Amino acid sequence: MIITPLFWIVLAPMIFPNLGWKGLDLYLRIHMVTLHSFPLIFSTVNIVMTDMKLDPNDWKKMVFMGCQYGLANGIGTYMTKNPIYPIVDWKSVPQTAFLFWL
């Protein structure tokens, strides 16, 4: 619920002005919009339609998954030699860990 607004508020203004409207840039525009919109939209619709209750005791699972995401981000940054996100570039591990924690 927090990643999607953060993408649109922080990252999208840095990414979209540098993309054109043809070829790979157009593909990246469509990819970024769907990737950072559809999960939130469909999860919210699913929760509303099924009257599902979120379990506050699942916080440990969310922390674990967040740690796994940070690890995957670090591996992806190392393998591609490019940061996946401009702010979280792994040049300072404590800063990157803090940003993922935040």
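Overview of values
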read-out	value
Segment 88-102 - residue that is assigned to a helix (DSSP H, G or I) and over 20 Å from Ile15 (Cβ atoms) and, of those, most open to solvent (accessible area, probe 1.4 Å)	Trp101
Of all residues in segment 35-53 being more than 21 Å from Leu6 (Cα to Cα) and open to solvent by 90 Å² or more (accessible area, probe 1.4 Å), the one that is modelled with the highest pLDDT	Met49
Top-ranked residue in segment 12-29 [being small (Gly, Ala, Ser) and assigned to a helix (DSSP H, G or I); ranked as most open to solvent (accessible area, probe 1.4 Å)]	Gly23
Index of the failed condition, Met32 passing every other in (1) open to solvent by 60 Å² or more (accessible area, probe 1.4 Å); (2) outside any loop (DSSP other than H, G, I, E, B)	(1)
Segment 54-69, residues that are modelled with pLDDT of 85 or more and open to solvent by 100 Å² or more (accessible area, probe 1.4 Å)	Pro56, Asn57, Trp59, Lys60, Lys61, Met62, Phe64, Met65, Tyr69
Any hit, segment 72-87, residues being in contact (Cβ under 8 Å) with a residue 24 or more places away in the chain and open to solvent by 60 Å² or more (accessible area, probe 1.4 Å)	yes
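The values are calculated or read from the model by the stated rules, or taken from the named source; none is laboratory data. A quick note: this is a predicted structure, and the numbers were derived from the prediction, not measured. We place every Cβ from the backbone using ideal geometry, glycine too, and count neighbours over all the protein chains shown. Accessible surface areas use protein heavy atoms only, side chains included; no ligands, DNA or RNA. Shrake-Rupley method; radii C 1.70, N 1.55, O 1.52, S 1.80 Å.
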